[in-house]
Amino acid sequence: MPPIVIGIVQVLFDGVAFGMLLFVMSVGLSITLGMMRFANLAHGSFAMLGGYTTTTLMRHAGWSFLATLPVSFVLIAAVSVVLERVLYRRMYQAKELDQVLLTVGIIYMSIAGAAYVWGPEPQAISLPDYLTVYRTVGWFSFSTYGALLLAVGTVLTLAIFFGLERTRFGAMIRAAVDDRRVALGVGIDVNRVFTITFAVGSGLAGLGGALGINALGLDPSFPIEYLVFFLIVVSIGGTAGSVKGALAAALLLGLSDTAGKYYIPQTGAFIIYVVMLLVMLWRPNGLFGRA
Amino acid sequence: MTAAEPARDSAPAPSAVADFRAQARWQWYEPLFWLGAIAWYFLLPTYLPLGTQILATALFALSLDLILGYGGIVSLGHTTFFGVGAYTAGLLARYGWQEPISCLVAAGLLAAFAGWICSFVIVRVQGIALLLVTLGINLVLYEAANKAYKITGGADGLQGIEFSPLLGMFHFDMLGRTAYLYTLIVVFLVFLVARRIVYSPFGLALRGMRENWKRMPALGAGLRRHGALIFVLSAAIAGIAGALLAESVQFVALDSLAVQRSVDVLTMLIVGGTGVLYGSFVGAVVYMVARDQLADLNPAYWYFWIGLMLVLVVLFTRNGVVGALADSAAWVQRKRGRGPAP
């Protein structure tokens, strides 16, 4: 095979894996933003906390990497419910600015807290052997870790779509996103639906943060560093809670970021920011958003 | 304002104008505030560099207050214009134009120009899209300055820049005396301009915009035109603040374009109070002094306290420190008005 084709396949593989990871991490933000118009900028803090849960369990309790993932999910979901009940719930009717400030405050506290507990240095984990090898299929070789990202990402994405499109609870979520007041009117307990959605979305962020430690890195600046990525996914995907839009945006972002790093490494994140700006100018409600 | 309200109801037109004039009148605490800034010079000679930074930062916060507190435009990327101003002054000095006052003017003009370009976009988006656009502009500029290290020095910043003595007479001394007084004078002059803007009919239209975005066009006010104008003015002031800081510390850090600084200045303004002019000064003093003290104790955890401050301000005060002060003053007055009832 000519090297250029191998390169393209490589970029596609890594890009889609990264995009899936981004989607899993940011889908919760997209839905909660659509349902409550609540701009939770601290979404990345949940992802970071998920990552630290995994590193702590592996280091101090000797757990295996895969076994820690469900724990990260459950723990972050639980933490987020507490935060939602104590802090966020008061802010749903507040101005956007107040929501931004509150969640920025939480980001700052989580950054300093993480630096206090786990130290400021980047965390590295030793993945099990079966996740560090490269497999070769025909002429194409890929890392098993990338394959794991792709597999978990695909399964979760399918599960999310099934849950939203085919279950009763998913229908309630969609109704609440479409029109909160009408949903309330037909007897849906929007607050309860929201709390559960928020918990699952945050848990997914935590799971993504844990799963992606070796792809995204993990240090106290994580919530700020990846905030832009989440915001891009949400904004390009549409700020009205379009899950399909978020998926498309995440894949687009994953592919363009990977391709950028592969082919023109010197431009850094520049291209992504410019693309985001252009999209926001062209369609302020997002590429796939409803006006 | 509350005291004048009954009068306004009985005879609308003349007393509304009088009411408006009364708002613009200087309050008793305003000269006190500026006298305090002068007193700093004599009483805290070892803290002059900190004082200079506080003043320049307060001016930056004031520029944000103009668009946020008065125009209702939320920006997550206002340091874009601060950075443009700082780099304008720094680059001019580096390439041989070292006269500080003209550098300041050039920085203000260039920042205004940048603001004018951005304003076309800003006035067309609202809500979360507005946050993203301002953040995006900030990020793009930061990356550009970071990559263009041949011009900007990249992550090392613009080092070794020097400015000629002020008016050909006053050297920027090591103790920062000239820098402090120079900054204080410029900040005061720009403050006067901002004060004039806020209490002008244009300022009233801005407040109308902030209060009710939909009703203002019905009164015949051009939202986009007003929004663009205040955005350009605000950008110019931010640019001047950036240039002031560059001139007083003789250095431009890449940090002056970092999104972190945009968030910091927003934090200061919120802690101080929006839409009251002095909120930006109070916020800058509280924030910078707290950082000066807390960072000594434990630099890495400074942001924990800032975060906590933000959360508490959002949850428990109506409008930052100034709002809390006004509320407690009103509370005391109410108590006194009711007389000595048990």
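No lab work stands behind these numbers, since they all come straight from the coordinates. Everything numeric in this text was worked out from a predicted model, so none of it was measured. Neighbour counts run over all protein chains shown; Cβ positions are idealised from the backbone, glycine included.
Please tell me the relative contact order of segment B:123-207 in percent, rounded to the nearest whole number, where contacts are Cα pairs under 8 Å and at least six residues apart.
This gives 8 percent for segment B:123-207.
If each DSSP helix of 4+ residues adds -39,500 (n - 2.57) and the sum is divided by the residues in the protein assembly as shown, what number results at 222 nm, nearest 500 deg cm²/dmol?
When only DSSP H runs of four or more count, the value is -24000 deg cm²/dmol.
Could you give me D for chain B, from Stokes-Einstein at 25 °C and 0.890 mPa s, where the hydrodynamic radius is the Kirkwood radius over C-alpha pairs? Units µm² s⁻¹, please.
116 µm²/s
Once you list every other residue whose beta carbon is under 13 Å from the beta carbon of B:L181, what net charge do they have if Lys and Arg are +1 and Asp and Glu are -1?
Neighbourhood net charge equals -1.
Using the alpha-carbon centroid of each, what span in Å lies between segment A:93-143 and segment A:1-79?
Measuring centre to centre over Cα atoms gives 8 Å.
Between A:R283 and residues 5 or more places away or on another chain, which pairs have amide H atoms under 5 Å apart, with H built 1.01 Å from N, and which residues are they?
It is none; the list stays empty.
Share of Cα-Cα pairs in chain A beyond 27 Å, in percent?
40 percent
Count, for each residue of A:37-44, the Cβ atoms from other chains sitting within 10 Å of its Cβ, then give me the mean as a whole number.
Mean partner-chain Cβ count within 10 Å for A:37-44: 1.
Choose one of B:V123, B:A112, B:L192: the residue whose Cα lies farthest towards the positive end of the charge dipole of chain B (beta-carbon charges +1 Lys, Arg; -1 Asp, Glu; about the Cα centre).
B:V123
Which whole number gives the average count of other chain Cβ atoms within 10 Å of the Cβ atoms across peptide A:91-102?
Mean inter-chain Cβ contacts per residue within 10 Å come to 4.
Cut-off under 12 Å on the C-alpha distance; same-chain residues fewer than 8 positions from A:K244 excluded. Which aspartates and glutamates are left, in chain and number order?
Correct list for A:K244: A:E165.
How shielded is A:219-226 by partner chains, expressed as the average number of their Cβ atoms within 10 Å of its Cβ atoms?
Mean number of neighbouring Cβ atoms from other chains: 1.
Counting Lys +1, Arg +1, Asp -1, Glu -1, what net charge surrounds A:I125 among other residues with beta carbon under 15 Å of its beta carbon?
Spelling it out: positives minus negatives among the neighbours equals -2.
Find how many whole Å separate the alpha carbon centroid of segment A:166-187 from the alpha carbon centroid of segment B:199-213.
Distance between centres, Cα-based: 39 Å.
Search the structure for amide H atoms under 5 Å from the amide H of B:V252, placed 1.01 Å from N in the peptide plane, and list their residues when 5 or more places away or on another chain.
B:L158
Using the Cβ atoms and a cut-off under 9 Å, what net charge is assigned to the surroundings of B:I128, where Lys and Arg are +1 and Asp and Glu are -1?
0
If the cut-off is a Cα-Cα distance under 27 Å, which lysines reach B:K147, setting aside same-chain residues fewer than 8 apart in sequence?
Reachable lysines: A:K261.
Using Cβ contacts closer than 10 Å as the measure, can you line up A:E84, B:E247 from fewest to most?
Least to most surrounded, the residues fall as A:E84, B:E247.
Treat the count of other C-beta atoms within 10 Å as a stand-in for reagent exposure and order B:R207, A:R181 from fewest to most.
Ordered by Cβ neighbours within 10 Å, fewest first: A:R181, B:R207.
From the phi angles alone, apply the Karplus equation (6.51, -1.76, 1.60; θ = phi - 60°) to segment B:61-69 and give each ³J(HN,Hα) in whole Hz, x where the residue is Gly or Pro.
With the stated coefficients, segment B:61-69 comes to 5, 4, 5, 5, 4, 4, 7, 7, x Hz.
Using the Karplus equation 6.51 cos²θ - 1.76 cosθ + 1.60 (θ = phi - 60°), what ³J(HN,Hα) coupling, rounded to whole Hz, does each residue of segment A:141-148 give in order, writing x for Gly and Pro?
My calculation for segment A:141-148 gives 10, 9, 7, 5, 5, x, 5, 5 Hz in order.
How do A:M109, A:M280 line up, fewest other C-beta atoms within 10 Å first?
Final ranking by Cβ density, sparse to dense: A:M109, A:M280.
Counting Lys and Arg as +1 and Asp and Glu as -1, each charge on the Cβ, what is the dipole of the protein assembly as shown about the Cα centre in debye, to the nearest 20?
Charge dipole of the protein assembly as shown: 1900 debye, to the nearest 20.
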